[in-house]
Amino acid sequence: MIAVGTQNMRVLAAVSQHHTNADLGALYTAIGRRLHPGGRSSELFDDRRLDDAHPHILSEALTEVGLPCGLIDAADDVSLDRLVRCETDEALRRTGPDVGTPIVTYDPEDPTGSSYFGPVLERIPRGEDALALFDIVAALALTDGLVELKRSSRREPDFT
């Protein structure tokens, strides 16, 4: 059985080849809302295995963001694995191999100093709060010499 993460990454890779970064971001978000707690997890996963529900998750997410439903075929397209691996290798080259995901690059032209793990948040900021947080994190990420800023979680995640 192919891992759900692999299938997601293949579909996202196909979107990156033929659509915009905005489309890619919208699909990533739509998939995440369906897979993470606070979304429709109880409806999708009760009495069914994720493997059975996953094609529906991808189809719904593609439809939500207005992308062609045929992109779901990319989930089984092993030819996309090379692109996924190359992009993963590049992200880890920028951050170092001892970090996790997500990895965000704030200045793609800077090959060594603007990619970081995170941010990892306990709740999702919205509107002006989200923009302010992004500006702060981007300013930190673009600060020469910054290596790490980290603390452990203080409360349960809130995905609402």
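The values are calculated or read from the model by the stated rules, or taken from the named source; none is laboratory data. Computed from a predicted structure; not experimentally measured. We place every Cβ from the backbone using ideal geometry, glycine too, and count neighbours over all the protein chains shown.
Could you run through segment 95-129 and say how many residues are under 17 Å from the mean Cα position of the chain (by Cα) and not in a loop (DSSP other than H, G, I, E, B)?
Residues meeting the conditions: 8.
I'd like the full set of residues that are of a type in the set (A, V, I, L, M) and surrounded by 13 or more Cβ atoms within 10 Å (Cβ to Cβ), limited to segment 141-160.
In the first step, residues of segment 141-160 are kept if they are of a type in the set (A, V, I, L, M); the result is 141-142, 146-147, 149.
Once the filter is applied, which keeps residues that are of a type in the set (A, V, I, L, M) and surrounded by 13 or more Cβ atoms within 10 Å (Cβ to Cβ), segment 141-160 yields Ala141, Leu142, Leu146.
For segment 137-160, which residues satisfy the criterion of being part of a helix (DSSP H, G or I) and under 20 Å from the mean Cα position of the chain (by Cα)? Quick ask: steps written out before the conclusion?
Pass one, segment 137-160, residues part of a helix (DSSP H, G or I): 137-141.
Matches in segment 137-160: Val137, Ala138, Ala141.
If you take the residues of segment 53-108 that are touching a residue at least 24 places away in the same chain (Cβ under 8 Å) and touching a strand residue (DSSP E or B) at 6+ places or on another chain (Cβ under 7 Å), which of them is nearest to Gly32 (Cα to Cα)?
Among residues in segment 53-108 that are touching a residue at least 24 places away in the same chain (Cβ under 8 Å) and touching a strand residue (DSSP E or B) at 6+ places or on another chain (Cβ under 7 Å), the one nearest to Gly32 (Cα to Cα) is Val104.
Table: residues versus (1) at pLDDT 90 or above; (2) surrounded by 13 or more Cβ atoms within 10 Å (Cβ to Cβ); (3) assigned by TED's automatic domain parsing to the domain that holds Asp158; (4) assigned to a helix (DSSP H, G or I).
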| residue | (1), (2), (3), (4) |
| --- | --- |
| Ala13 | yes, yes, no, yes |
| Ser16 | yes, yes, no, yes |
| Ala22 | yes, no, no, yes |
| Glu43 | no, no, no, yes |
| Ala53 | no, yes, no, yes |
| Ile57 | no, yes, no, yes |
| Ala61 | yes, yes, no, yes |
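Looking at (1) assigned to a helix (DSSP H, G or I); (2) modelled with pLDDT under 80; (3) within 28 Å of Tyr116 (Cα to Cα); (4) of a type outside the set (A, V, I, L, M), which is the one condition that is false for Gly38?
(1)
Kindly provide the set of residues from segment 89-115 that are hydroxyl-bearing (Ser, Thr, Tyr), more than 19 Å from Asn21 (Cα to Cα) and modelled with pLDDT of 85 or more, ordered by number.
Within segment 89-115, Thr95 is the sole residue that qualifies.
Could you grab me the full set of residues in segment 1-11 that are under 18 Å from Pro102 (Cβ atoms), surrounded by fewer than 20 Cβ atoms within 10 Å (Cβ to Cβ) and touching a residue at least 40 places away in the same chain (Cβ under 8 Å)?
Correct list: Val4, Thr6.
Considering only residues that are within 29 Å of Thr160 (Cα to Cα) and loosely packed, with under 11 Cβ neighbours inside 10 Å, which ones fall in segment 87-140?
Gly100, Arg126, Gly127, Glu128, Asp135
Tell me yes or no: at least one residue of segment 66-74 is in contact with a Gly (Cβ under 6 Å, 6 or more places away or on another chain) and either surrounded by 12 or more Cβ atoms within 10 Å (Cβ to Cβ) or in a helix (DSSP H, G or I) (or both).
Of segment 66-74, the ones in contact with a Gly (Cβ under 6 Å, 6 or more places away or on another chain) are none.
No.
What pairs come out if I take residues in segment 114-128 that are closer than 21 Å to Glu90 by Cβ and among the aromatic types (Phe, Trp, Tyr) and pair them with residues that are part of a loop (DSSP other than H, G, I, E, B) and modelled with pLDDT of 85 or more whose C-beta lies under 6 Å away, six or more apart or interchain?
Between residues of segment 114-128 that are closer than 21 Å to Glu90 by Cβ and among the aromatic types (Phe, Trp, Tyr) and residues that are part of a loop (DSSP other than H, G, I, E, B) and modelled with pLDDT of 85 or more, the close pairs are Phe117/Val99.
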